[in-house]
Amino acid sequence: MIHYQSTRGSKYIKTSAQAIIQGIAEDKGLYVPNEIPGLPFAIEDMIGKSYQEIAFRIIRAFFEDYTDEEMEACVRGAYDSKFEEEEIVPIVKGGDAYFLELYHGKTAAFKDMALSILPYLLTTAMKKEKEDKKICILTATSGDTGKAALEGFADVPGTEIIVFYPNKGVSQVQERQMVTQEGENTHVFAINGNFDDAQTGVKKIFNDSSFAEKLAEIDCKLSSANSINIGRLVPQVAYYVYGYIKLVERGVIENGDKVNIVVPTGNFGNILAAYYAGQMGIPVKKFICASNENKVLTDFINTGTYNTNREFFLTNSPSMDILISSNLERLLYHLSGQDGEEIKGLMESLEKNKKYTVSPKINYALDRFYGGYADVKRTNETIGHMYNKYGYLMDTHTAVAYRVYEDYVAYTGDKTPTLIASTASAYKFADSVTESIGLEKGESGFESVKNLYEKTKVRVPAGLKDLENKEIRHTGVLDIEEMPDAVYDCLK
Ligand SMILES: *Cc1c(COP(=O)(O)O)cnc(C)c1O
C-alpha cells in the first residue's frame, strides 16, 4: 500500500488519512507518497467519462487506505452543483492553446478544485483514525486559498478555520469575499506583512510543540488547508489527467501523443500536481512554470540556485506574489531520488542564508521544466490581445501563463498541443482586466465587475454578485507576533 513520508528524512510513515489530519510532518517536512502510482486505467477506456469518475479513480489510486465507498462519498459531495459548469472543468480553446478552466467553483478560483473535497477527505480521515479532538485549520493565503478554504470548511462539524491574508496584498474583490464569510467556525485576519510573512507565521505555529500542548489541553489539534497538505495536492492531479483524456476525446491529439502543460505558479502546488500526472503516465513534454515579477522560480529553473534575497513586488497577479514556494520541496525530494538528508540540508540553508543550490543530479532532472516570467505590462497586453483577437477573456494569472507560453514557443519553435491551467475568473481581478481590454476602470473593483460584464457579457460568477452589499463580519488586523495568541483566542 502507498504510504506517506516526510521530505526531510523522518523515519515515521503514515497512511494518507494520518498525513491529511497532520498536515505537516514532525520534522517540518512535507508528506509525499513513497511512490507515484501508475494510471489506474487505460486512457482509451476513459473516453466520455465524467470528471467525477476520473477524479474518483485518480484520488483513490493515491489514497489507498480510503475504501471505495468513502472515496465515492467524498467525490460526490465535492463536485456537484456548486460548480457552475456541469462538466466541472470546461476545456476552451483560446489563441493557440487549450485552457483548462479550473475556476467554476464557489469562489471563482482554481483553489475550489481541491478545497471543495478537502473537508470531506479530512472528516472521513478523522472518523477512520477515531480522532476526537477538534481540528483547527490554519491557513495563510495570497488571496484565493483563504476564501476557498473558508467556503469548504464553513460550519463543518468538528472543525474551526482561521485564515490570515496580507493586508493590502490582495485584490478588493478577494478581500471582500473573505471578510464577508459566514459560518460560526470561521475566523479571518489581515496581517501586517506579505504572504511569505503570513506563511512563515503559520509554519512557526505548526512547529511550536509547546503551543500544540496548550491546544491539546482544550482538545484542539492543528491542520492545514494550504497546499502543504497532501489532501489538497492529490485532488489537483485529477484535472490534468482529465484534460489529457478530453484532448484525446476531441481528436486534438492521439492517445500517446505528448502535450505541454503551462501553469501560473506561486506556491508550486498546481504545477507539482501536473508533474504527478506526468509521473502517473500522462505523456508530457514540458512543464512550463510561469511567474510574475517575483520570478524566483524562473531563475531557479535556469540556474539551479534558489535565492530569495531579492526585492518583493506587489503585482496584479497577487496569488503569485510569493518568494518561498513551499511545494518545490516535494519536487526536489522526488528528483533527488528521495534523499531526505539532502532536502533537509537545502531547507536549512534556505532558512539560514535565504538561498540554496541543488546538486547536479537534481539540476539535470529539472530539464523537464521550462521557467519564464511576464511583468505587469506584458501581462496586461496579453489580456487585451487575447480578448480583442480571439474573444477569450483571461484573468491576470492565466495571462501570465499565456504570455510565458508565447515566449516559450518563440524561443523553441515547439508546437506541441498545450494545456494551460486557467486559475481564476477574470472578474476576481476586474480592475486590471477592464483596463487591459481598453475600458475605463471603475471607481471600485465592484464597478469594474459591472463594466466588464456590460462589455463582454461573460457570466459573472454567483459568488461575486452583490459582494459589495454583504455584511462585513471579520475586521481583525494583526502583527505577525500576535498570530499565536489570536489562534488561541479563537479556539478557547
Ligand atoms: C493560488 C493561485 C495560483 C498559484 O498556484 P500555486 O499552486 O500556489 O502555484 C495561481 N493563480 C491563482 C488565481 C491562484 O489562486
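The values are calculated or read from the model by the stated rules, or taken from the named source; none is laboratory data. For clarity, every value in this text was computed on a predicted model and none was experimentally measured. Counting neighbours? That spans all protein chains shown, and the Cβs are built from the backbone with ideal geometry, glycine included.
General observations
- When the range 136-166 is filtered for residues that are away from the ligand (no atom under 16 Å from the Cβ) and on the phi > 0 side of the Ramachandran plot, the ones remaining, listed by number, are Asp155, Gly158.
- One residue stands out among those in the range 339-356 that are of a type in the set (Lys, Arg) and surrounded by fewer than 18 Cβ atoms within 10 Å (Cβ to Cβ): the one that is nearest to Asn302 (Cα to Cα), which is Lys355.
- Filtering the range 175-226 to residues that are aromatic (Phe, Trp, Tyr) and at pLDDT below 95 leaves Phe195, Phe206.
- Within the range 357-367, being in a helix (DSSP H, G or I) and surrounded by 14 or more Cβ atoms within 10 Å (Cβ to Cβ) holds for Ile362, Asn363, Ala365, Leu366.
- Close Cβ contacts (under 8 Å, 6 or more residues apart or on different chains) running from residues in the range 26-54 that are free of Cβ contacts under 8 Å to residues at least 24 places away in the same chain to residues that are assigned to a helix (DSSP H, G or I) comprise Pro40/Arg57; Pro40/Ile58; Pro40/Arg60; Pro40/Ala61; Phe41/Arg57; Glu53/Met46.
- Top-ranked residue in the range 388-441 [being of a type in the set (A, V, I, L, M, F, W, C) and away from the ligand (no atom under 16 Å from the Cβ); ranked as surrounded by the most Cβ atoms within 10 Å (Cβ to Cβ)]: Ile437
- Enumeration of residues in the range 139-183 that are surrounded by fewer than 24 Cβ atoms within 10 Å (Cβ to Cβ), of a type in the set (Val, Ile, Thr) and assigned to a loop (DSSP other than H, G, I, E, B): Val156, Thr180
- Residues of the range 115-133 satisfying the condition of being in a helix (DSSP H, G or I) and over 19 Å from Pro318 (Cβ atoms): Leu118, Pro119, Tyr120, Leu121, Leu122, Thr123, Thr124, Ala125, Met126, Lys127, Lys128
- Meets criteria (under 13 Å from Tyr306 (Cα atoms), surrounded by fewer than 16 Cβ atoms within 10 Å (Cβ to Cβ) and either among the charged types (D, E, K, R) or under 23 Å from the mean Cα position of the chain (by Cα) (or both)) for Glu329: no
- Flag for Pro90 being over 18 Å from Ser319 (Cα atoms) and either within 16 Å of the ligand (Cβ to nearest atom) or within 16 Å of the chain's Cα centre (by Cα) (or both): no
- Every pair of residues 6+ apart whose Cβ atoms lie under 7 Å, when the first sits in the range 197-218 and is aromatic (Phe, Trp, Tyr) while the second is assigned to a helix (DSSP H, G or I): Phe211/Ile205; Phe211/Pro484
- All conditions but one from (1) surrounded by 24 or more Cβ atoms within 10 Å (Cβ to Cβ); (2) over 22 Å from the mean Cα position of the chain (by Cα) apply to Asp219; the one that does not is (1).
- Of the helices (runs of 4 or more DSSP H) lying entirely inside the range 259-356, the ones with 1 or more residues being within 13 Å of the ligand (Cβ to nearest atom) and either of a type outside the set (Val, Ile, Thr) or in contact (Cβ under 8 Å) with a residue 12 or more places away in the chain (or both) are found at 269-280, 296-303, 328-335.
- Inter-residue pairs, beta-carbon under 7 Å, first over 23 Å from Lys450 (Cβ atoms) and in the range 411-428, second of a type in the set (D, E, K, R) and surrounded by fewer than 16 Cβ atoms within 10 Å (Cβ to Cβ), 6+ apart: Thr416/Lys258
- For the range 196-215, the condition of being surrounded by fewer than 24 Cβ atoms within 10 Å (Cβ to Cβ) and not in a helix (DSSP H, G or I) holds for at least one residue.
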